[in-house]
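Below: the structure, in structure tokens.
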Amino acid sequence: MLWIEKYRPQNFEELLGQPSAAKQLQAYAEAGNLPHLMVIGRSGVGKTAALEIFSQNFYTESPAENTTVLPVSVMFSQGHTYFAENERFAHLYQKGKSVLANFKYIVKWHASLKPLSAPFRLIIFDGAGDLPKDAQAALRRIMERYSQTCRFIFVTNSIASLIDPIRSRCVPLYFLPIDDEMMLAHLTRILEAEGCSERVSSDMLEMIVLGAKGDVRKAVMWLELAACYGVDDPLALSQTETGCMADACIRAMASGDADKGRQICENLLIEYGLTAADVLSLLRKSVRPYVTPDIALLFSRADIAVRAGQNEYLQMNAFAAELSEMLR
């Protein structure tokens, strides 16, 4: 079994570094009620694990039957193929209708199901930031219609990716990046439990923690590679495809090809499903050889704009145009 599954938290006490979110979810489970939720936080900080624990605590009987998880990014990227081939949704798939129409029909169907030994069902939108705006607008009406029998939970990396009508109907629940010291202690416990303490040096552990940047899932995966397969270069592990694209974006801008740089930014947002904040973080690493005080200020202004909920595509296009001018 992979370590990321073997050491997945099984209760709220094992949930790493999220005392406030765990306390709130536990209170909802004990009360037997909860509002619609927005679960906000970076990848790998425990959002999905916390919701699984909540479902197990809330539904003493049939938690799986009362909970529907919709992988939004996959649904809209694969479209008709996903609906037709997925056994959970194939019986609901309507071949002659659009992806959006099928999505709305599936959500309505699951929301209208009678909960088993419970006051309501849960529908969890995993990767809700990838929901198209027209799909979000449709969900607003569905939430109003089925609020007596269903609760909706939107899991996203950025609150800015959800439209105001959705935000206003949900209580936000924030998950913070995991503290480095807490992460280090967690990884050390895993090594001790596996009897692998001598295979990974303290320097390697610290490099894994620094490279993971609060992402427990990534850190545990890297730890298993280092302990079991002898991988000793975390920098090589962290060299991702999106990081390479960010490097290419900066090189294009620096060479005077502003259009290509802007296109790469859009690909990172659309094709890879990253938030504008994620793209800025990648570009910030790639621009280091060229950085000046003006460029640093530009990144700060853009970061504030996208986190304030302004339109991500407009902000990133304006940012890319200005950055290209500065890099020439």
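On the basis of being at pLDDT 85 or above, aliphatic (A, V, I, L, M) and surrounded by 17 or more Cβ atoms within 10 Å (Cβ to Cβ), does L205 make the cut? Outline the logic, then answer.
Values: at pLDDT 85 or above: yes; aliphatic (A, V, I, L, M): yes; surrounded by 17 or more Cβ atoms within 10 Å (Cβ to Cβ): yes.
Spelling it out, L205 is indeed at pLDDT 85 or above, aliphatic (A, V, I, L, M) and surrounded by 17 or more Cβ atoms within 10 Å (Cβ to Cβ).
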Open item on the list: Among the residues of the range 184-197, are any within 30 Å of Y313 (Cα to Cα), of a type in the set (K, R) and either at pLDDT below 90 or surrounded by fewer than 18 Cβ atoms within 10 Å (Cβ to Cβ) (or both)?
Closed with: no
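Would you mind finding the one in R199, R169, R189 that is out of contact with any strand residue (DSSP E or B) (no Cβ under 7 Å at 6 or more places or on another chain), under 27 Å from P71 (Cβ atoms) and among the basic types (K, R)? It would help to see each step written out before you state the result.
On the way: R199 fails: under 27 Å from P71 (Cβ atoms); R189 fails: under 27 Å from P71 (Cβ atoms).
The conditions single out R169.
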Filtering the range 53-72 down to residues that are surrounded by fewer than 17 Cβ atoms within 10 Å (Cβ to Cβ) and either closer than 18 Å to Q136 by Cβ or without any contact (Cβ under 8 Å) to a residue 12 or more places away in the chain (or both) yields Q56, A64, P71
message: Could you go through the range 170-183 and let me know if any residue there is crowded, with 17+ Cβ neighbours inside 10 Å, under 21 Å from K108 (Cβ atoms) and either out of contact with any Ser or Thr (no Cβ under 6 Å at 6 or more places or on another chain) or not charged (D, E, K, R) (or both).
response: yes
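Can you go through L122, L92, L100 and tell me which one is touching a strand residue (DSSP E or B) at 6+ places or on another chain (Cβ under 8 Å) and either in the same structural domain as D164 (by TED's automatic domain parsing) or of a type in the set (A, V, I, L, M, F, W, C) (or both)? Talk me through it step by step, then tell me what you get.
Numbers: L92 fails: touching a strand residue (DSSP E or B) at 6+ places or on another chain (Cβ under 8 Å); L100 fails: touching a strand residue (DSSP E or B) at 6+ places or on another chain (Cβ under 8 Å).
Criteria check complete, one pass: L122.
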Quick check on L176: is it outside any helix (DSSP H, G or I) and either more than 20 Å from the chain's Cα centre (by Cα) or closer than 25 Å to A276 by Cα (or both)? yes
**Asked** Within the bounds of the range 134-142, is there any residue that is without any contact (Cβ under 8 Å) to a residue 60 or more places away in the chain, buried (at least 21 other Cβ atoms within 10 Å of the Cβ) and closer than 21 Å to E52 by Cβ?
**Response** no
Flagged in the range 5-48 as hydrophobic (A, V, I, L, M, F, W, C), in contact with a Gly (Cβ under 9 Å, 6 or more places away or on another chain) and in a helix (DSSP H, G or I), in numbering order, are A21, A22
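Check F83, F76 and return the single one that is modelled with pLDDT under 90, part of a helix (DSSP H, G or I), over 16 Å from the mean Cα position of the chain (by Cα) and over 24 Å from A22 (Cβ atoms). Let's see the steps before the verdict.
Values: F76 fails: over 16 Å from the mean Cα position of the chain (by Cα).
Answer to the selection: F83.
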If you go through A246, A212, A219, A258, the only one that is crowded, with 19+ Cβ neighbours inside 10 Å and closer than 30 Å to P132 by Cβ is A246
The residue from E198, E206, E194 that alone is without any contact (Cβ under 8 Å) to a residue 12 or more places away in the chain and either outside the structural domain of P19 (by TED's automatic domain parsing) or within 20 Å of the chain's Cα centre (by Cα) (or both) is E198
Checking S168, S161 in turn, the sole residue that is among the hydroxyl-bearing types (S, T, Y) and at pLDDT 90 or above turns out to be S168
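The values are calculated or read from the model by the stated rules, or taken from the named source; none is laboratory data. Everything numeric here is computed off the predicted structure, so don't read it as measured data. When we count neighbours, we look across all protein chains shown, and the Cβ atoms used for this are built from the backbone with ideal geometry, even at glycine.
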